[in-house]
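The values are calculated or read from the model by the stated rules, or taken from the named source; none is laboratory data. It should be emphasised that the depicted structure is a prediction, and the values quoted were computed from it without experimental measurement. All Cβ positions, glycine included, derive from the backbone under ideal geometry; neighbour counts span all protein chains shown. Only protein heavy atoms, including side chains, enter the accessible area calculation; ligands, DNA and RNA are left aside. Shrake-Rupley method; radii C 1.70, N 1.55, O 1.52, S 1.80 Å.
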Amino acid sequence: MFFHGCPPAHLLLYLNSKYGLATTERHIIKEGIMEDFKSGFFMSETACNGRVLIVDDEPDIRKVVRMTLQKAGYEVLEAENGEKAIEAINTGENRLLLDVLICDIRMPKINGVEAIAYFQQEWPRVPIIVLTGFPDTDMATSFLRSGVVDYLVKPVEGEKLRTAVARAMEQRELAQL
């Protein structure tokens, strides 16, 4: 379902944003609400900094990004193009779980420009990072003006990628307050 692998703090953020609860973890545990979540079905011992969807038609790029972000404590979903990303996010309760989207531009079927426009319309609170192998100053400026958090060029250094995702997560958390 949701929050599998994430600490109680993520559950608190969800409860606060979904139901407007102004509460603390101690209060939730005291009231017995957390008792339902101790089975490990929703949470595990593994830390989770958030869920990231990487959309890129190059399997090697997805693999490197996934490994880099997993080492930093993120759960990573993958899609090979915009069509698969839209399909993945509309399946089950994934839309509640997505914290950051990293999207390539040049892809078959639904390209990055179309996918980003779709995600910005349907999920305006999910920060988007562009990761492209074909940098274009005008396109970068346009994306940044439209609300994209960062515009990265392949190959991207691991530290730069982790920093961009952490900044996107901060922006998402601030938007929820």
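Numbers at a glance
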{"read-out": "Amide H contacts of V126 (H built 1.01 Å from N, under 5 Å, at least 5 apart or other chain)", "value": "none"}
{"read-out": "The range 123-174: C-alpha gyration tensor shape, a/c 1.5 cut-off, then a/b vs b/c", "value": "oblate"}
{"read-out": "Table column - 3J(HN,Hα) (Hz), the range 54-67, Karplus curve with 6.51, -1.76, 1.60, x for Gly and Pro", "value": "9, 10, 7, 7, 9, x, 5, 5, 4, 5, 5, 5, 4, 5"}
{"read-out": "J(HN,Hα) series, the range 97-103, from Karplus relation 6.51 cos²θ - 1.76 cosθ + 1.60, nearest Hz, glycine and proline x", "value": "9, 6, 9, 8, 10, 10, 10"}
{"read-out": "Area accessible to solvent at D136, 1.4 Å probe radius, in Å²", "value": "70"}
{"read-out": "At R0 = 25 Å, FRET efficiency that the Cβ-Cβ distance of E58 and T91 yields, to 0.05", "value": "0.65"}
{"read-out": "The range 44-177, dipole about Cα centre (Lys/Arg Cβ +1, Asp/Glu Cβ -1), debye to the nearest 20", "value": "200"}
{"read-out": "Accessible area of the range 69-177 belonging to carbon and sulfur atoms, whole % at 1.4 Å probe", "value": "49"}
{"read-out": "Overall form of the range 84-135 per C-alpha gyration tensor (a/c, 1.5; a/b vs b/c)", "value": "prolate"}
{"read-out": "Interchain or long-range residues, amide H under 5 Å from Y74's placed H", "value": "N49"}
{"read-out": "³J(HN,Hα), Karplus 6.51/-1.76/1.60, whole Hz, each residue of the range 107-122, x for Gly, Pro", "value": "9, x, 6, 9, 6, x, 4, 5, 5, 4, 4, 4, 5, 5, 6, 7"}
